[in-house]
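To keep things clear, I will list the structure first and then write my remarks on it.
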Amino acid sequence: MGHDHPAAMSPCINCGRLFLYDPERVVSVLVDPETGRYPEPSRRHHAVRVPACHFCVRAANVERRKRGLPLGYEGDTYADLEARLAQEERWR
């Protein structure tokens, strides 16, 4: 049985922990691969998206709430993928 949804694993941009995620839905940060930092406007076309794990997104959202800033998405980005993979395992 093949996967009917994408799955990827890579380190978190913040903590470096390897984690599993859906690359179409994961929270990510734009990074200039040359500098390893958020890209200058003139270099945005070189930028790549680097994923953040759910632990770091939740921790960042706690700080954002304290400051009254908009929250990063926490929804089912991570949990939904884990649930779908678990469901697929049960059918094997």
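The values are calculated or read from the model by the stated rules, or taken from the named source; none is laboratory data. What you are looking at is a predicted structure, and each value in this text was computed from that prediction instead of being measured. Here the Cβ is made from the backbone with ideal geometry for all residues, glycine too, and neighbour counts use every protein chain on show.
Summary of values
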{"quantity": "Count of residues meeting criterion [free of Cβ contacts under 8 Å to residues at least 12 places away in the same chain, surrounded by fewer than 14 Cβ atoms within 10 Å (Cβ to Cβ) and farther than 20 Å from PRO11 by Cα] in segment 33-63", "calculated": "6"}
{"quantity": "Odd one out for GLU24 among (1) at pLDDT 90 or above; (2) outside any helix (DSSP H, G or I); (3) surrounded by fewer than 14 Cβ atoms within 10 Å (Cβ to Cβ)", "calculated": "(1)"}
{"quantity": "Among (1) in contact with a strand residue (DSSP E or B) (Cβ under 9 Å, 6 or more places away or on another chain); (2) loosely packed, with under 12 Cβ neighbours inside 10 Å; (3) hydrophobic (A, V, I, L, M, F, W, C); (4) at pLDDT below 90, the one test that LEU85 misses", "calculated": "(2)"}
{"quantity": "Looking only at segment 1-32, and only at residues there that are free of Cβ contacts under 8 Å to residues at least 40 places away in the same chain and of a type in the set (D, E, K, R), the one that is farthest from ASN61 (Cα to Cα)", "calculated": "ASP4"}
{"quantity": "Given (1) part of a helix (DSSP H, G or I); (2) modelled with pLDDT under 90, number of the condition PRO70 does not satisfy", "calculated": "(1)"}
